Every structure is written in structure tokens, then in C-alpha cells.
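Here's the structure we're looking at; comments come further down.
The values are calculated or read from the model by the stated rules, or taken from the named source; none is laboratory data. Since we're looking at a predicted model, the values are computed, not measured. When we count neighbours, we look across all protein chains shown, and the Cβ atoms used for this are built from the backbone with ideal geometry, even at glycine. What goes into the accessible areas is simple: the full protein's heavy atoms, side chains included, and nothing from ligands, DNA or RNA. Shrake-Rupley method; radii C 1.70, N 1.55, O 1.52, S 1.80 Å.
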Amino acid sequence: MQKSGRTLYVVGAGFAGRKIAEEIRTKGTFGRVIAFLDDDPQKIGTNLDGITVLGPVARVREFFRDHPADEALIAIPRATNDQLKTIYEHLSAAPFDRIRILPNLAQIIDGDAHLIQTREIAVEDLLGRTPVRIPLKETLSYLRDKRVLITGAGGSIGSELSRQLLSAGAERLYLFDNGENNVYEIEKELKILQEEGVGEKATLVPVVGDLKDREFTRFIIQRLKADIIFHCAAYKHVPMGRE
């Protein structure tokens, strides 16, 4: 198997960070973890699974000079927005090619973190609002064995909901959107997540159509016989919806 030559720091030496580092080492296709970065004085200087824990994170530029890496991966799902903002500021001071983040705790069901869940860090992650922590698996238990229709499944809100509903135990997820490419992309992403062990094996059904077509919408709802509908096909920005 050809191994990637990329190197990275995993920020956070807790369960999620160690799970990510283990997956990288086991698969051998993503690269190599240079070190963990952590602020916990009890962990700094120790060796976890053969990887040294450096810290605090504020010294990342110093560590980078001695041990340069291509990428930093933030694996602290319990971090608040303020904590993430501080971490990102420190990481941005080092010339990483890429900074990625593991989703927040609500999206990591039963502490099961996977490399495939990581994504580019976005401005929303750094806003000064701390999200409410919700026991997602218990909250979504009413969807088990149900047929669930998600309108606007390819949009920013619908796609995020679709990812989280993978862990709900639904029988089917109908991915409805008016953009064929949008439907294709979210279906492909959800299948990859399922193959990597994220969520459960719900049947994914892409549906392309326009909700403004009343007859088609009535037909498709009757045909799919969905038990529950999440309506996410709407403009997030109110001025865009004004005439």
C-alpha cells in the first residue's frame, strides 16, 4: 500500500485525538502524526501510543520550527467556540498548509470519532456562541425504523441534518433537492461516512424535484410514504426571499 508523505499535528490528546491518530496509523494512507498538542500539564511530555504530547498549544510556532508539519487537525469535540478561536489563532501563526477540525460533540455519537468526519475549519466554528450540547442519539430515537424525507438535503442546513440523521436508525433517508449535483454530492458523502463506520446503514434514496411544483410535490410525498419530513429547503437569508 502506498503511504502518504503528509505529516500532521493532532490538537487534543484525549479520546477523540487518540482515536484519530490510531486510525491514521492503522490505515497508513493519510500520512504520519508528528505529535499531539495539548494544554493539559498532566499530558505534556508524555508518550501516548508512541506519539509525544507537546504543549501548551500557544507554543506551536516553536514546535513547528523544530518539527514542521503539513497540517493541524483539531480533535477536541467538547471545545467551546472561544476555545476553538484561541486554538485557531495559535495554529494560524504557524505555516500549516491546512487546518481541519473534528465535528462537535453532538455529531460524534457515543464518542466514536472518525477521520472521515474531519473538515476544513469554517468561520461558524469561531463565532462567539457556545452551542447547546444535546444527547443526539437519544433525541433522535423516535426516528428508528422510520422513513424520513429531508427537503433541501443538498443545502448547508439540509446536508448537515442528513449527516446527523445517519445515527438515528432510520430505515430510509430520502434526500430531496432541486439540484441534481447537490443530491449527488450529499448522497456520495453519506455513503462514504457509512462505509467508514459512521452512523447506521439506512437506505439512501436521492430525489430530484422542485417543491414549487405543487402536483409533483403531492405525488412524491404520496409515493414515498415518508413517516417524517424535515423541511430544510428555504433561504437562510431573509432578504433573498423578499420580492
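In the assembled protein chains, Arg144 presents an accessible area of approximately 100 Å² (probe radius 1.4 Å). Computed from label points 7 Å out along Cα-Cβ, the spacing between Phe15 and Ile157 is 3.2 nm. The heavy atoms of Thr151 offer some 10 square angstrom of accessible surface to a 1.4 angstrom probe. Projected label points at Arg59 and Lys225, each 7 Å from Cα along the beta carbon direction, are separated by 6.4 nanometres. Residues Val205, Val53, sorted by accessible area with the largest first, give Val205, Val53 [1.4 Å probe; ligands and nucleic acids excluded].
Annotation: amide H of Val11 within the under-5 Å range of Leu37, Leu73, Ile74, Ala75, sequence separation 5 or more or interchain, hydrogens built in the peptide plane. With a 1.4 Å probe rolled over the protein heavy atoms of all chains, the accessible area of His67, His90, His231 falls in the order His231, His67, His90, largest first.
Lys85 contributes about 100 Å² of solvent-accessible surface, heavy atoms of the protein only, 1.4 Å probe. The slack in the chain from Asp210 to Thr7, taken as 0.36 nm per residue of separation less the alpha-carbon distance, amounts to 68.6 nm.
Checking the a/c ratio against 1.5 first, then a/b against b/c, what shape does the Cα gyration tensor give for segment 15-95? The shape class here is rounded.
Checking the cross-link pairs Lys27/Lys225; Lys146/Lys191; Lys43/Lys191; Lys27/Lys201; Lys85/Lys212; Lys188/Lys225 against a 30 Å limit on the alpha carbon distance flags Lys27/Lys225; Lys43/Lys191; Lys85/Lys212 as lying beyond it.
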